[in-house]
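All remarks here apply to the structure that follows.
Every read-out reported here was derived from the displayed coordinates using simple, explicitly stated rules and does not represent laboratory data. Computed from a predicted structure; not experimentally measured. Using ideal geometry, Cβ is built from the backbone for each residue, glycine included, and neighbour counts are taken over all protein chains shown.
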């Protein structure tokens, strides 16, 4: 079920911060009431599409921070795996230079609570706990969480489909425009474009300009 309009599930888990430090009790709750969060899941460390996304988020990190948004990554790998990947140079398959936190959801509880785990655990007829689904790792889920801890956007991609990082900046801009002006943002809206007043008159005015 969608989390949009609902409180984002809180958690405390290990994470690697600043690319070099393992923090055992990283909590997303530390951001509530202070700043917005772009929280994204990826399937696995040391893979193919994942580093392109993680590095792309790092390349745009200043743009997110300029808008007051913290970027946080997460996968079901261990903190030690994250640390090894984060300290491996890019030319050797690593993601060295990534500074935003990357959460280690080894228990898979965070992925399950956000609805992005690619399957679920159930008991079989013999009473054994087994995994049913594609794989016990996370899909490419992305969640934009406002200052009050409410999810305002989510998207989930299957493993082979990489994300467009600029789209998340556009979503942040649209949310901020709505907060500031009370206007709603039509299809393909970008910062600086005309928006719409949520009324028939406002819609007619927008359409007359286009």
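Once the C-beta distance of residue 84 and residue 126 is scaled by a Förster radius of 45 Å, the resulting FRET efficiency is 0.80 to the nearest 0.05.
With all distinct Cα pairs included, what does the Kirkwood hydrodynamic radius of the stretch 143-196 come out to in Å, to one decimal, could you say? Intermediate results must be reported in sequence, preceding the final value.
Working: mean 1/r = 0.0811 Å⁻¹.
Hydrodynamic radius (Kirkwood, Cα only) of the stretch 143-196 equals 12.3 Å.
Only helices enter the 222 nm calculation for the chain: every DSSP H run of n ≥ 4 contributes -39,500 (n - 2.57), and dividing by all residues gives -8000 deg cm²/dmol, rounded to 500.
Taking the number of other C-beta atoms within 10 Å as the exposure measure, put 65, 126 in order starting with the fewest. Present the calculation step by step, with values, prior to reporting the outcome.
On the way: 65 13, 126 6.
With the sparsest Cβ surroundings first, the list reads 126, 65.
Taking other C-beta atoms within 10 Å as the exposure proxy, 134, 49 rank 134, 49 from fewest upward.
Would you mind ranking 76, 87 by Cβ crowding within 10 Å, fewest neighbours first?
Details: 76 27, 87 13.
Arranged by neighbour count, lowest to highest, 76, 87 become 87, 76.
Summarising the label geometry, the points placed 7 Å from Cα in the beta-carbon direction at residue 113 and residue 66 lie 3.3 nm from one another. Principal axis analysis of the Cα atoms in the stretch 14-99 yields extents of 38, 27, 21 Å, listed in decreasing size. Looking at the chain, the pairs of alpha carbons with a distance over 25 Å make up 42% of the total. Between the alpha-carbon centres of the stretch 6-31 and the stretch 39-105 there is a gap of 14 Å.
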